[in-house]
Amino acid sequence: MGFPNLDGKTRVCGLFGFPVEHSFSPAMHNAAFQNRGLNWAYLPFAVQPEHLAKAVQGITALNLAGVNITVPHKQRVIPLLDEIDQAAAQIGAVNTIVNNQGKLVGYNTDGAGFIKSLAEEANFEPRGKRVLLLGAGGAARAVAFSLAMAGCQAIYITNRTTETAKALARELSQKCGVAAEVLPWGLELPAAAVARVDLVVQTTSLGMWPNTQACPEFPFGALHPGQLVCDLIYTPRQTAFLQQASARGATILNGLGMLLYQGVLAFELWTGHTAPVEVMKEILERQLNDSKL
Ligand code: ATR
């Protein structure tokens, strides 16, 4: 893809992570800038962990418009910023920085992107709903706090390491006032509890390429039509977990929508323009097909 408009007025943003070479974000954002006729460019920056503080200073020094932050920097970047949005502070991770005239403001569009993908791709509104989360790591935190803030009624958490799930449940009820409860992991998970929830979200890395045969143990027989089952994984597009859920009649959704909408929200925070969602979606689909993952 070319950058026909690069000149002295080009606004630059990008991605800080390590590694970054497999990211779909540069193609997605550059296509969006072109589509909107914006003289902007998005570049990948491979920032080693020991260089993160200097790279963040570089945002102001080089007058970058903003950056996305990815693995392994999402938590460690927080103390390096001037201001943290409330949702990002609760989640404890930042994936988007806006350079507001030299003031660096941190946001988390992962969680909000997930909520938007539920609305846009499954017509699902979290308010008043019961949710079961598998996993209690970084991705689970973004999803859990965003669901709590979107008004869901109860969040059940199951995780291989019970202590991590307990800590997350405690934080959710203290910070958001939502009912949060820990349930046993694997086949010990009570079928009745699974049958009662409206939404199941699989946030662990089990089943992600190249270990596509992996799947959390789960009482799949308790799932039924009318439930929505999400897996945050999008390589492969349909994990073994989603296949099992689909076989029980549940509606299924993968993580591609979350990836798309976290990008859509970041684009809008940086540029103030409405993002060309369909263009961004098409680029993601194409990148995913080309990557053969
Ligand atoms: P991410 O940012 O992708 O959420 P993470 O913060 O490292 O990554 O969290 C990984 C999640 O996947 C955790 O819930 C982890 O469970 P533990 O807390 O027990 O580590 C879960 N996970 C990873 N590998 C797993 C496995 N083989 N079996 C069960 N759970 C696993």
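Readers should treat all values here as calculations from the given coordinates under stated rules, not as data from a laboratory. These numbers come from a predicted model, not from an experiment. Quick reminder, even Gly has a Cβ in these numbers, built from the backbone with ideal geometry, and neighbours come from all protein chains shown.
Each part gets one Cα centre, and for segment 56-100 versus segment 243-293 those centres are 22 Å apart. Stokes-Einstein diffusion of segment 1-120 at 20 °C, 1.002 mPa s viscosity, Kirkwood radius from Cα pairs, rounded to a whole number: 144 µm²/s. Please give the helix 138-149 orientation as an angle from the longest Cα principal axis of the chain, in degrees from 0 to 90, rounded to the nearest 10. Relative to the chain, helix 138-149 is tipped by roughly 80 degrees. Expressed as an acute angle from 0 to 90° and rounded to the nearest 10, what is the orientation of the C-alpha long axis of helix 25-35 relative to the principal long axis of the chain? It is inclined by approximately 60 degrees.
All other residues whose Cβ lies under 14 angstrom from that of residue 272 are scored, Lys and Arg at +1 and Asp and Glu at -1, for a net of +1.
Over the chain, the fraction of Cα-Cα pairs per 10 Å bin, rounded to whole percents and listed from the shortest bin up, is 6, 28, 34, 22, 8, 1, 0. Axis of helix 52-61 versus longest Cα principal axis of the chain: the two differ by about 50°, to the nearest ten degrees. Who wins for biggest fluctuation among 172, 81, 187 in a Gaussian network model of the chain, springs between alpha carbons below 10 Å? In this elastic network of the chain, the residue with the biggest mean-square fluctuation among 172, 81, 187 is 187. Restrict the search to segment 15-89; then list the GluC sites (Glu not before Pro) that DSSP places in a loop and that have at most 10 other Cβ atoms within 10 Å of their Cβ. Listed in order of number, the matching sites are 21.
Rounded to the nearest 20 debye, what is the charge dipole size of segment 111-254 about its Cα centre when +1 sits on each Lys and Arg Cβ and -1 on each Asp and Glu Cβ? Walk me through the numbers before you get to the answer.
Working: 12 positive and 10 negative charges, 37 e Å.
Its charge dipole is roughly 180 debye.
With contributions of -39500 (n - 2.57) from each DSSP H run of at least four residues, the per-residue ellipticity at 222 nm computed over the chain stands at -12000 deg cm²/dmol.
Subtracting the Cα-Cα distance from 0.36 nm times the residue separation, let me have the gained length for residue 153 to residue 39 in nm, one decimal.
Values: separation 114, 0.36 × 114 = 41.04 nm, distance 4.39 nm.
That pair, residue 153 and residue 39, stretches by 36.6 nm at full extension.
Using a Gaussian network model of the chain with C-alpha springs under 10 Å, which one of 238, 213, 153 is most mobile by mean-square fluctuation? Comparing 238, 213, 153 in a Gaussian network model of the chain, the most mobile one is 213.
Please compare each pair in 9/103; 54/281; 129/175; 74/103 to a cut-off of 22 Å on the Cα-Cα distance and tell me which ones are over it. The partial results should precede the final answer.
Values: 9/103 20 Å; 54/281 33 Å; 129/175 19 Å; 74/103 18 Å.
Where the Cα-Cα span goes over 22 Å, the pairs concerned are 54/281.
Where the alpha-carbon atoms of segment 146-214 are placed on the principal axes, they occupy 38, 25, 23 Å, in descending order. Here the chain is scanned for trypsin sites (Lys or Arg not before Pro) in DSSP loops (not H, G, I, E, B) that have at most 15 other Cβ atoms within 10 Å, and the longest stretch holding none of them is 161-236. The P(r) of segment 114-172 has a tail past 16 Å containing 39 percent of all C-alpha pairs.
Paramagnetic label reach from residue 23 (point 7 Å along Cα→Cβ; backbone nitrogen cut-off under 20 Å): within segment 104-127, residues 104-114.
In terms of its Cα atoms, segment 215-283 spans 46, 23, 18 Å along the principal axes, sorted from long to short. Using alpha carbons only, the radius of gyration of segment 111-254 set against its Kirkwood radius gives Rg/Rh = 0.92.
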